[in-house]
Amino acid sequence: GAVQFTYKVEDDYGVADAHAIITLKPEGTKPADAPRPLFAGPDVPLVLPQPRARSGVAQTIKDLAEHPWSGADVVGTLVAHDDAGNEGRSAPVEFKLPQRLFTKPLAKALIEQRRVLALDANARDRVTIALDALAIEPEKFEIGASIYLGLRALYFNLAQAKTDDDLREVVARLWSMATQIED
């Protein structure tokens, strides 16, 4: 689940700091239908070839597998600042944010619902229905009583969520339950 950034910096004053900004890839929806992400995209500080480098090549590797956007289509832009306050930006690059591989069907389903909810708080009702459906026939997933009860608790937490913080807590618990099932 790691993203590798390789880049060249060049500036008359020397680069003071640099980072990668990752945003969701626009979907061409109308503003009224635009998704409402619960989380900001990852902001990745970039390693410089040396402090106040005037030029050089560097590489930064960042594991983003646990980020709620993992698996989503994103746009990355590298941004650098120099001591004079000037800003330089790379051309945007589209890519899929790497994700952890889940092999167990229930874990995969939970991670997919986690991503749906994390990327759009307005998808709450759809995710609630999906979580309810996953619990209809627990024997299909060969889950024990503790996982079943946890799944039902997630469903009720989501159904009763009143704030975005409540929704973020459900996203965190979906990750926790999926990794528990997978591991």
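Observations
- Sum of side-chain charges, V44 neighbourhood, beta-carbon under 13 Å (Lys, Arg +1; Asp, Glu -1): -2
- In the chain, taking the dipole from charged Cβ atoms about the Cα centre, the farthest positive-side position among L97, L48, T128 is held by T128.
- Only Lys, Arg (+1) and Asp, Glu (-1) charged, at Cβ; the chain dipole about Cα centre in debye: 340
- Rule-of-thumb Rg ratio for segment 1-52 [Cα; 2.2 N^0.38 Å; N residues]: 1.61
- A80 sits among other residues whose Cβ lies under 9 Å from its own Cβ, and their net charge, with Lys and Arg +1 and Asp and Glu -1, is -3.
- Computed about the Cα centre, the dipole magnitude for segment 1-81 is approximately 40 debye when only Lys and Arg (+1) and Asp and Glu (-1) carry charge, each at its Cβ.
- Computed about the Cα centre, the dipole magnitude for segment 133-180 is approximately 40 debye when only Lys and Arg (+1) and Asp and Glu (-1) carry charge, each at its Cβ.
- Here the calculated FRET efficiency for I136 and S176, from their Cβ-Cβ distance with R0 = 25 Å, stands at 0.65, rounded to the nearest 0.05.
- Here the spin labels are modelled as points 7 Å beyond Cα on the Cα-Cβ line, and at F39 and V57 they lie 3.3 nm apart.
- Bridgeable lysines around K96 (alpha carbons under 25 Å apart, same-chain partners fewer than 8 residues away excluded): K8, K25, K30, K62, K104, K108.
- D17-D164 pseudo-label distance in nm [points 7 Å out on the Cα-to-Cβ vector]: 2.3
- Kirkwood-Stokes translational diffusion coefficient of the chain, alpha-carbon pairs, 20 °C, 1.002 mPa s, µm²/s: 117
- Exposure check, 1.4 Å probe, all protein chains in place: D73 carries approximately 80 Å² of accessible surface.
- Annotation note: trypsin sites (Lys or Arg not before Pro) in segment 103-183 located in DSSP loop regions with a Cβ neighbour count of at most 14 within 10 Å are K162.
- Unit charges at the beta carbon, dipole of the chain: most positive-side option, T60, H81, V15: T60
- Surface listing: F102, F39 arranged by accessible area from highest to lowest gives F39, F102, probe 1.4 Å.
- Scanning residues 5 or more positions from A53 or on other chains, those with amide H under 5 Å from its amide H are V15, with H placed 1.01 Å from N in the peptide plane.
- Per residue convex hull volume, Cα atoms of segment 1-90, in Å³: 108
- Taking amide H as placed 1.01 Å from N in the peptide plane, the amide H of N86 sits under 5 Å from none that are at least 5 places away or on another chain.
- Scanning the chain for GluC sites (Glu not before Pro) that sit in a DSSP loop and have at most 15 other Cβ atoms within 10 Å, the longest stretch containing none of them is 67-141.
- Segment 40-99: trypsin sites (Lys or Arg not before Pro) in DSSP coil with no more than 16 other Cβ atoms inside 10 Å: R52
- Near D164, once Lys and Arg are set to +1 and Asp and Glu to -1 for all other residues with Cβ below 14 Å from its Cβ, the sum equals 0.
The values are calculated or read from the model by the stated rules, or taken from the named source; none is laboratory data. On a predicted model such as this, the values are computed, not experimentally measured, just so you know. When we count neighbours, we look across all protein chains shown, and the Cβ atoms used for this are built from the backbone with ideal geometry, even at glycine. The protein model used for the area step is the full one, side chains on, heavy atoms only, and it has no ligands, DNA or RNA in it. Shrake-Rupley method; radii C 1.70, N 1.55, O 1.52, S 1.80 Å.
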